[in-house]
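Quick one: the structure is below, questions incoming.
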Amino acid sequence: MKHMLLKNKHKINHIKIIINICIIVIYSIIFINKVALANEAICIDNGCHETRVIKVLVLYDDELFFERGWENNLNNRLAEINDFYYSNFKIKWKVIAIKQYAFNKNVEKLSTLFSLHKETLLKLETDAEVILSIIGRDIKGSGIAATFSNIIMVSNYDKLLSYRSSVIIAHEFGHLFGAWHTQRTEDFMLVSGASNLHAGKESSSILKLMRNYSFVPETIINNTKTLNRISRLYDRHHARGEINPVARLLTDYGNKYYLSKKYNKALDTLKNSIKYYARWGKTRMLLSKTYYELGMYSNAFTELTRAMFFGSQPDLDYENKLKNKFIQLKELDPSINNPFIPS
Ligand SMILES: [Zn+2]
């Protein structure tokens, strides 16, 4: 009898151990899913393992038109870019049309040219998801793209003859998925001009998360879950003091709302941007101007001083406008405090 009891006790202990192991395993699975994978490279939706083909429209200026064989060079570059994107992310870039485009000829910097044409390029009728603009003339800058947008612009560096051009184009494509600059010298998102088609852990994480992104910012701008995931990846990996890509996206939209006079929407979007990155002077300046339009002048003043503190470009016209507003208000009501005048 005693022997039987002992045997049973032994059995119960055995079961207890098994139950404990099961609990540990279940908790581990939950932990991996909730914590580890939330920060790691997973896709937003299913279909991560299917090839993604991205349709590209190539635009070139008339100077490039006269370069012999440039289309062949472009094909060679795309083959290199596709080797890299396919082996890492199962992405293929497919040129569906090549068209000449009248880019401004008097601008000296690629970044200025990009800003100048960005809005009109966005309105082009095309089945392509992404526009690759190639500037044939001598211009300052090798490549540019806006984070999460669908347009990249590259200069005709070395007539698209070398591997370096592939790296530049692949790098700018990377920005379209939200990839930021890294300091890791081997990585294709290297800040000071990459020389390798290699994706390290940092760049891979954001590209894997966003590989199915449609390049339409409206599809993610209100998706807090996705924005938080991007931001977490950025916080975890980024090595240098760059602006959080989510804040970039939101401030860009805040600016759009501001310019189209949708001030309440601009206010919400800019405040949201600050939650992701509080130290960007550009966001603070836009927020100040938005407060001004909404008649919230004290807030406008506070944000203006913050904008200056965080290194925003001064805007004297706006500053004077706000100053005059306080003078005007004080004339109507002497009890109003004018923050521009020390009391
Ligand atoms: Zn870049």
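Every number here is computed from the coordinates shown, using simple stated rules; none is lab data. This structure is a prediction, so every number in the text was calculated from the model and none was measured. All Cβ positions, even for glycine, are placed from backbone atoms using ideal geometry, and neighbour counts span all protein chains on display.
When the label point is put 7 Å from the Cα of LEU332 along its Cα-to-beta-carbon vector, which residues of region 287-303 have a backbone N closer than 17 Å?
Only 291-301 pass the distance filter.
Let me ask another. Report the label-to-label distance for SER111 and ILE98 in nanometres (one decimal), using points 7 Å from each Cα along the Cα→Cβ vector.
It works out to 3.1 nm between the two label points.
Between ASP83, ASP62, ASP158, find the one with the highest GNM mean-square fluctuation for the chain; connect C-alpha pairs within less than 10 Å.
Checking each option, the largest mean-square fluctuation is seen for ASP158.
Mind giving me the FRET efficiency for LYS261 and VAL191? R0 is 45 Å, r the Cβ-Cβ distance, nearest 0.05 is fine.
After rounding to 0.05, the efficiency reads 0.80.
Only bridges with both residues in the chain count here: give the DSSP antiparallel percent, nearest 5.
Counting DSSP beta bridges with both partners in the chain, the antiparallel share is about 10 percent.
Additional query: Can you list the lysines whose alpha carbon sits under 17 Å from that of LYS109, skipping same-chain ones fewer than 8 residues off?
LYS118, LYS140
Using the basic label-point model (7 angstrom from Cα toward the beta carbon), what is the SER214 to ASN13 distance in nanometres?
With each label point 7 Å from Cα toward Cβ, the separation is 6.2 nm.
Okay, moving on. To make sure I understand the rule: partners must be aspartates and glutamates, Cα under 13 Å from the Cα of LYS271, and not fewer than 8 residues away in the same chain. Which ones qualify?
Those aspartates and glutamates meeting the cut-off are ASP252, GLU303.
Still on this structure, I have one more. So which trypsin sites (Lys or Arg not before Pro) in region 257-303 end up in coil per DSSP with only 16 or fewer other C-beta atoms within 10 Å?
LYS261, LYS262, ARG279
I've got another one for you. Hey, which aspartates and glutamates would be in cross-link range of LYS201, C-alpha to C-alpha under 16 Å, not counting anything within fewer than 8 residues on its own chain?
GLU40, GLU186, ASP187, ASP235
Follow-up. Give the residue from ASN75, ASN106, ILE134 lying farthest towards the positive end of the charge dipole for region 66-140; charges sit on Cβ (+1 for Lys and Arg, -1 for Asp and Glu) and the dipole is referred to the Cα centre.
The listed residue farthest towards the positive side: ASN106.
Which of PHE173, HIS237, TRP93 sits closest to the plus end of the dipole of the chain, meaning its Cα is farthest towards the positive end, when Lys and Arg get +1 and Asp and Glu get -1 on the C-beta?
HIS237
Highest GNM mean-square fluctuation, the chain, Cα pairs closer than 10 Å: which of TRP70, TRP180, TRP280?
TRP70
Using a 7 Å offset from the Cα along the Cα-to-Cβ direction at both LEU122 and ARG164, what is the distance between the two label points in nm, to one decimal?
According to this spin-label approximation, the distance is 3.3 nm.
With charges only on Cβ, +1 for K and R and -1 for D and E, what is the dipole size of region 52-147 about its Cα centre, in debye, rounded to 20?
260
Looking at SER260, ALA300, GLY193, which one has the Cα that reaches farthest to the positive end of the dipole of the chain (charges on Cβ: Lys, Arg +1; Asp, Glu -1)?
Towards the positive end, the residue furthest out is ALA300.
To the nearest 20 Debye, how big is the dipole of the chain about its Cα centre, given +1 on the beta carbon of each Lys and Arg and -1 on that of each Asp and Glu?
It works out to roughly 1880 debye.
Moving to a separate point now. Which whole-number percentage describes the relative contact order of the chain, with Cα contacts under 8 Å and a sequence gap of 6 or more?
13
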